[in-house]
1. Out of segment A:264-298, which residues are touching a strand residue (DSSP E or B) at 6+ places or on another chain (Cβ under 7 Å), surrounded by 24 or more Cβ atoms within 10 Å (Cβ to Cβ) and hydrophobic (A, V, I, L, M, F, W, C)?
2. Out of the residues in segment B:170-207 that are of a type in the set (S, T, N, Q) and closer than 30 Å to B:Met356 by Cβ, state the one that is least open to solvent (accessible area, probe 1.4 Å).
3. So, of the residues in segment B:130-158 that are more than 26 Å from the chain's Cα centre (by Cα) and in contact (Cβ under 8 Å) with a residue 24 or more places away in the chain, which turns out to be nearest to A:Gly32 (Cα to Cα)?
4. Within segment A:204-257, track down each residue that is of a type outside the set (Lys, Arg) and touching a Cys at 6+ places or on another chain (Cβ under 7 Å).
5. Given the conditions (1) of a type in the set (S, T, N, Q); (2) part of a helix (DSSP H, G or I); (3) facing chain A (nearest Cβ under 9 Å), report the number of the one that B:Thr101 does not fulfil.
6. Considering only segment B:205-224, I want to know if a residue exists there that is under 21 Å from B:Ser139 (Cβ atoms) and either aromatic (Phe, Trp, Tyr) or out of contact with any helix residue (DSSP H, G or I) (no Cβ under 8 Å at 6 or more places or on another chain) (or both).
7. For segment A:104-129, give me each residue that is free of Cβ contacts under 8 Å to residues at least 24 places away in the same chain and part of a strand (DSSP E or B).
8. Give me the residue from segment B:215-262 that is farther than 22 Å from B:Gly305 by Cβ and among the β-branched types (Val, Ile, Thr) and, out of that set, modelled with the lowest pLDDT.
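The values are calculated or read from the model by the stated rules, or taken from the named source; none is laboratory data. The structure displayed is predicted, hence computed values, not measured ones. Positions of Cβ are backbone-derived with ideal geometry, glycine not excepted, and every protein chain shown enters the neighbour counts. Surface areas here come from the heavy atoms of the whole protein model, side chains and all, with no ligands, DNA or RNA. Shrake-Rupley method; radii C 1.70, N 1.55, O 1.52, S 1.80 Å.
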There are 2 protein chains.
Amino acid sequence: MSNFTEVPTFEGPQCPLPLTHAERIVLGHGSGGRMTHDLIRTVFRAYLGNPYLNAGNDFARLPLPLQGQEVGHLAVSTDTHVISPLFFPGGDIGRLAVCGTVNDISMSGAIPLYLTAGFVLEEGLSLEVLERIVRSMQSAAEEAGVTLVAGDTKVVEKGKGDGVFINTTGIGWIPPDRSPLGGERAQPGDVVLLSGPIGDHGIAVLSARGELGFEAEVQSDVAPLNHLIQALLQAAPHTHVLRDPTRGGLATTLNEIAQQSQVAIRIDEATIPIRPVVRAACEMLGLDPLYIANEGKVVAIVPPGEAEAALAAMRQAPYGAESVRIGYVENQPTGRVILRTILGTHHILDILSGEMLPRIC
Amino acid sequence: MSNFTEVPTFEGPQCPLPLTHAERIVLGHGSGGRMTHDLIRTVFRAYLGNPYLNAGNDFARLPLPLQGQEVGHLAVSTDTHVISPLFFPGGDIGRLAVCGTVNDISMSGAIPLYLTAGFVLEEGLSLEVLERIVRSMQSAAEEAGVTLVAGDTKVVEKGKGDGVFINTTGIGWIPPDRSPLGGERAQPGDVVLLSGPIGDHGIAVLSARGELGFEAEVQSDVAPLNHLIQALLQAAPHTHVLRDPTRGGLATTLNEIAQQSQVAIRIDEATIPIRPVVRAACEMLGLDPLYIANEGKVVAIVPPGEAEAALAAMRQAPYGAESVRIGYVENQPTGRVILRTILGTHHILDILSGEMLPRIC
């Protein structure tokens, strides 16, 4: 969830708007929430906008220049990983870099095939650390069944980087008979599914940073979801939307979809799985788990007739055992996400604004 | 020239060798020369190696999973740009990021189609600077005829980055009737062509850094070469090798090709164009222009029967007006580049070892 293409809507003029934030980059511009969207709209899309970038998904669905041949499409996605620290319970920047991009590609319905990796190394980085990261990338790539086909290494002076940054870009293939997926395809009546408990990744990283004040027994959920997605699409071939709730969390992801599709999404707080340790950590720190990043979860929006089959397939698949139904799609109020709380009240869930947890991915 | 795949040969064991450099990353690991190759061999290829990565080119040539259909191949390349300063005579990091990847893709014979961009922004960066860079990317993409289809933005704390780093990854299409190109295809008798004067980019960047001690009237050659390459391949369809002499310069690029193809390459110093200001700057600073990075030049190795046509086509094409013939390919001594100096002596040109100009791209 970190692509330019994730901006939900852009109905303003095609030239840059006056910037409403300070005239300098702040950490909030990397949050994945409203400030990121503003930056994308006023700077990136203002100059670079085109139908692929503007489509509003975490992947681009691209034709090949072949006339009269049914060869399908390419799916492409890119993500730079700047997570701190490099190692955390359940994963590391290498596993994250592979899984993050495999997952974004998979959300298009594509079979992920190829990855590239671009490293920015800080002078003084231990080679043993680099080796551990590269080994972890290899192991994640093997699990996902993708091949790392091209790479690049740059080195910057000490104090001009932070250990390692890794860009991964992925290429997948969308078979010609696959029904297109995208954040703009949610329809009233659709069912909203979630592949398991939220908030694990964010809290695991905070724990590794020593910011919890206690030792939380929680592991990041970072995992490649492509096998789960393929199983889901086999069971529910008319699935409308798949998206992984990474930066900005579940609430931001659902808002993006509601706005892209111009529908309302209603979810029921009682049905959303959250591990007790994650809930406790959030309460202590004043964080809302609905806005915390996940790295191994998917939201699926499927037609009602395929919902049961989809859920059953997800529960059988790797990383999907705890899948649940969390809500449904309605006509009104368009572009909104409404949460039914455990107390039975309803409130509008907004997109994340500003920064909650910097450098979480 | 910054892909993992550029390592000329690797005949050692498949497990990591003991590291011969310090156990920490130093700037030389980013030089594009011997230390970069060592790092790639001992860390990246040891774990991530596969036929695509090991092919030894700046691009990967990839099949699509389509049986019995003649659809050609994909070409993929990735590059992260960490150049300092962000703006320099003749260009900026945005133009560089687009052209660098367009050029690597083009060296496969592919038609570049799509680019992705991943930004790492340092907290405190001026938005006006970011806008200038993004505008420059758009203008270079338009010139090259490629579309930026996906992007990502991350922000790191002040002092954990350096203004802007930009990863660009490119995807091109190699038509099925195109004869394959690669550093391993140079053959004895082939002619070596160069598209113009060397060293402009490196000296322009040094000048922008104030490291020359005088105001050099030299502009970086940063430019998209895809139109030149297409013209060249139309005139010389059996071209064997195309490579852009970026990090490590012309000498390193020719060494890579000589080693990949197991041939000798002989070049004649008197034929290699170098602008007087570049020559003067190099003499003053004790630099050898043969090792200085270029960002808008290509080395073409073509069969003798097509050399005249290739040269004529290059001279007519954008950025190729000063193209020249600089040498030829022989059987022996394999893996070596031999320079005939202006004095008439011969010496072996080695690959760049260590670091000459850090953060030149």
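1. The first filter runs over segment A:264-298 and keeps only residues touching a strand residue (DSSP E or B) at 6+ places or on another chain (Cβ under 7 Å), leaving A:264-269, A:271-273, A:290, A:297-298.
Narrowing further to those that are surrounded by 24 or more Cβ atoms within 10 Å (Cβ to Cβ): A:265, A:290, A:297-298.
Scanning segment A:264-298 gives A:Ile265, A:Leu290, A:Val298.
2. Filtering segment B:170-207 for residues that are of a type in the set (S, T, N, Q) and closer than 30 Å to B:Met356 by Cβ, the one least open to solvent (accessible area, probe 1.4 Å) comes out as B:Ser195.
3. B:Lys154
4. A:Val222, A:Ala223, A:Pro224, A:Thr246
5. The one condition B:Thr101 does not meet is (3).
6. Looking through segment B:205-224, at least one residue is under 21 Å from B:Ser139 (Cβ atoms) and either aromatic (Phe, Trp, Tyr) or out of contact with any helix residue (DSSP H, G or I) (no Cβ under 8 Å at 6 or more places or on another chain) (or both).
7. Of the residues in segment A:104-129, the ones free of Cβ contacts under 8 Å to residues at least 24 places away in the same chain are A:126-128.
Once the filter is applied, which keeps residues that are free of Cβ contacts under 8 Å to residues at least 24 places away in the same chain and part of a strand (DSSP E or B), segment A:104-129 yields only A:Ser126.
8. Ranking the candidates gives B:Val218 first.
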